[in-house]
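The block underneath contains the structure these notes are about, expressed in structure tokens.
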Amino acid sequence: MRDHLHLNHTHMLYDQIEEAASWIRDKTDFQPEVGIILGTGLGKLADEIELEAAIPYADIPHFPVSTAPGHAGKLLLGRLGGRPVVMMAGRFHYYEGYSMQQVTFPVRVMKFLGADRLLASNAAGGTRAEMAMGDIVFIRDHINLLPDNPLRGPNDERLGPRFPDMSKPYDRAFNARGLELAPSFGLRAHEGVYVSLPGPNLETPAEYGFVHTIGGWVVGMSTVPEVLVARHMGMQVAVVSVVSNKCWPPDAIGEVTVEDVIEAVEAVAPRLRRLVTTLVAEW
Ligand code: HPA
């Protein structure tokens, strides 16, 4: 009996992904190769797309609807730097109350539409002394401290393996190219480790110290669930964080509001837009 319930549940997820993807395919026959998720303050990257279709999340079967400030809530299909992409303008966060399956559902749909690469961006706190506000960090690894995992529960082998390997979660060649190009776009770039915490509160000084001590370069409330699901499905993954606030050393820690975070990211967003467009075009 219990096995039956589980079986139905996994089949339901697969069917829902397929329903959402085929609904989108009915609207447009555009075939994306790269999935892009825009984080806080980077929504304007959407303006760089030569648009083929813009679909509100609310119209897509089984899609969650976004509520976070600075997140628009539309799926955009079109060309970025000539490359066919599908872009989420606005992502879902665990702290909004969505299940991990909901948070990651759009990534599943992107893969079903044809994207075999995922680029995600986010705003994050910087937990290394050498990092300044407005620096960007290409993520080379992560430490997942979220209390749930989108892959928990019965596994559907059609989506990916039960125990997905995480020895090479991020595309280091993408990072190397990003580090090489960043200065010519007026950006200071690093490569580092992202630590995911659930939020929605920002971290206490002791918690920032913890992130620093365990090897974190940046800390944020997103991205890792999407990365796990993308890797589960065998997608190549790249992530770029924008340091919106300094969290190390301890005397650099100040009060942070979401407006501060958005403002800090928007200050570098035009430069980052150009860099990301170039990197996606080459990826
Ligand atoms: N902590 C967690 N998430 C964040 C931060 C932070 O300091 N800054 C931007 N997103």
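Every read-out reported here was derived from the displayed coordinates using simple, explicitly stated rules and does not represent laboratory data. If you're wondering where the values come from, they're calculated on a predicted model, not measured in any experiment. Every residue, glycine among them, receives a Cβ derived from its backbone with ideal geometry; neighbour counts consider all protein chains shown.
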>> Once R0 is set to 25 Å, what does the formula 1/(1 + (r/R0)^6) return for the Cβ-Cβ distance between Glu282 and Lys44, expressed as a FRET efficiency to the nearest 0.05?
In response: 0.70
>> If I take every Cα pair under 8 Å that is 6 or more residues apart in the stretch 2-282, average their sequence separation and divide by the length, what percent do I get for the relative contact order?
In response: 25
> Anyone know which of Ser241, Ser99, Ser184 comes out most mobile in the 10 Å Cα GNM of the chain?
Replying inline: Ser184
> In deg cm²/dmol and to the nearest 500, what is the mean residue ellipticity at 222 nm of the chain if only DSSP H runs of at least 4 residues count, each as -39500 (n - 2.57), divided by the residue total?
Replying inline: -11000 deg cm²/dmol
> Rounded if a/c is under 1.5, else prolate if a/b beats b/c, else oblate: with a ≥ b ≥ c from the C-alpha gyration tensor eigenvalues square-rooted, which is the stretch 160-218?
Replying inline: oblate
> Under a point spin-label approximation (7 Å from Cα along Cα-to-Cβ), what is the Glu259-Asp141 distance to one decimal in nm?
Replying inline: 4.0
>> Explain nothing, just the number: dipole magnitude of the chain about its Cα centre with +1 on each Lys and Arg Cβ and -1 on each Asp and Glu Cβ, in debye rounded to the nearest 20.
In response: 480
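If I take R0 = 22 Å and measure r between the Cβ atoms of Arg162 and Ile214 in this structure, what FRET efficiency does the formula 1/(1 + (r/R0)^6) give, to the nearest 0.05?
With a Förster radius of 22 Å, E is 0.25.
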> Given 0.36 nm per residue, what is the gain on full extension from Asp116 to Arg271 after removing their alpha carbon distance, in nm?
Replying inline: 53.2 nm
> So how far apart, in nm, are the two label points at Glu130 and Ser22 if each is 7 Å from Cα heading toward Cβ?
Replying inline: 5.3
> Once you sort the root eigenvalues of the Cα gyration tensor of the stretch 12-159 as a ≥ b ≥ c, which label holds: rounded (a/c under 1.5), prolate (a/b larger than b/c) or oblate (the other case)?
Replying inline: oblate
> What shape does the stretch 217-283 take by its C-alpha gyration tensor, where a ≥ b ≥ c are the square roots of the eigenvalues and a/c under 1.5 counts as rounded, a/b above b/c as prolate, and the rest as oblate?
Replying inline: oblate
> Cβ under 13 Å from Glu18's Cβ, Glu18 left aside: what net charge do those residues give with Lys, Arg +1 and Asp, Glu -1?
Replying inline: 0
> In whole Å, what is the distance between the alpha-carbon centres of the stretch 87-126 and the stretch 216-283?
Replying inline: 13
>> Give me the count of lysine pairs in the stretch 2-282 whose alpha carbons sit under 23 angstrom apart, restricted to pairs 8 or more positions apart or on different chains.
In response: 5
